[in-house]
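*Asks:* Quick one: structure below, then a few questions.
The values are calculated or read from the model by the stated rules, or taken from the named source; none is laboratory data. Everything numeric here is computed off the predicted structure, so don't read it as measured data. As a convention, Cβ positions derive from the backbone with ideal geometry for all residues, glycine included, and neighbour counts pool all protein chains shown.
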Amino acid sequence: MLLHVREVLTPEEVRQARSILADAPWGDGRITAGSQSAQAKRNEQLPEDCDATRAVQQLLLRGLERHQTFFSAALPKQVSPPLFNRYGGESNRFGNHVDSAVRYLRGGAGRVRTDVSCTLFLSDPDEYDGGELMVEDTFGEHRVKLPAGDLVLYPGTSVHRVEPVTRGWRVASYFWIQSMVRSDEQRRLLFDMDNHLRRLRAAARLGEGDPSVIGLTSTYHNLLRMWLDV
Ligand code: NI
């Protein structure tokens, strides 16, 4: 499932993140690329352990924690610490590649299976030309360019790329999620069901006490229990 998650960060948080990142120690992104992606990768990124990275990580993780749609879609077991990159000038693209299946955390802090890939946009679309995230799936290719503060999540199995940025700079955060539900198909079903249930509960004549709402809520949780790995 490819999903646009709106307003993970407020405009004020985007402004804060942008001002921290403006003075941060950006470096060549190829340093951390695997051999397959190093050839395709032309961007700049922040060191994983600098003050700017840590400060904006806090903002972002808070945004994720309070976001109901994000939780319902990703069912996160573990979120890899968000990282930051930017595209512009000579460092303006990242060709087709697939992300590594496992993300090793710094200092032996564990591993994250990359079930879900996420990009959170920190630049608005009118600040740069090009720079679309292109994600391939069985329905074809999707072109993603979102407002600052919004996020796209898509299966870690997808081939994807970032189109060349021909004007301005595209600043973003990227990270991965190991989900409590490993299968993308199962997550999709649960997400759909949760959405419909939420709508039913909100409808005036079907309160929390409605037997069908209770029954379907119980089916949702029982499916989750069957598929869950906590
Ligand atoms: Ni990637």
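*Asks:* Can you tell me how many residues within the stretch 109-127 are out of contact with any helix residue (DSSP H, G or I) (no Cβ under 7 Å at 6 or more places or on another chain) and part of a strand (DSSP E or B)?
*Replies:* Within the stretch 109-127, the first condition is being out of contact with any helix residue (DSSP H, G or I) (no Cβ under 7 Å at 6 or more places or on another chain), and the residues that meet it are 109-115, 117-119, 121, 123-127.
Within this subset, residues satisfying the condition of being part of a strand (DSSP E or B) are 111-113, 117-119, 121.
Of the residues in that region, 7 qualify.
*Asks:* Moving on. Name the single residue that is farthest from residue 133 (Cα to Cα) among those in the stretch 158-203 being within 16 Å of the ligand (Cβ to nearest atom) and among the basic types (Lys, Arg).
*Replies:* 170
*Asks:* Which condition number in (1) surrounded by fewer than 20 Cβ atoms within 10 Å (Cβ to Cβ); (2) modelled with pLDDT of 95 or more is the one that residue 122 fails?
*Replies:* Here residue 122 meets the rest and fails (1).
*Asks:* What pairs come out if I take residues in the stretch 41-67 that are hydroxyl-bearing (Ser, Thr, Tyr) and pair them with residues that are assigned to a loop (DSSP other than H, G, I, E, B) whose C-beta lies under 6 Å away, six or more apart or interchain?
*Replies:* Once the first residue is hydroxyl-bearing (Ser, Thr, Tyr) and sits in the stretch 41-67, its partners that are assigned to a loop (DSSP other than H, G, I, E, B) give 53/46.
*Asks:* Scan the stretch 78-100 and tell me whether some residue there is in contact (Cβ under 8 Å) with a residue 60 or more places away in the chain, away from the ligand (no atom under 14 Å from the Cβ), farther than 21 Å from residue 30 by Cβ and not acidic (Asp, Glu).
*Replies:* yes
*Asks:* Another question about this same structure. Going by the structure shown, is residue 48 acidic (Asp, Glu) and either surrounded by 16 or more Cβ atoms within 10 Å (Cβ to Cβ) or closer than 16 Å to residue 175 by Cα (or both)? Before the answer, list the steps.
*Replies:* Details: acidic (Asp, Glu): yes; either surrounded by 16 or more Cβ atoms within 10 Å (Cβ to Cβ) or closer than 16 Å to residue 175 by Cα (or both): yes.
Judged against the criteria, residue 48 is a match.
*Asks:* Take the residues in the stretch 73-93 that are touching a Gly at 6+ places or on another chain (Cβ under 9 Å) and hydroxyl-bearing (Ser, Thr, Tyr), then tell me which one is farthest from residue 121 (Cα to Cα).
*Replies:* 91
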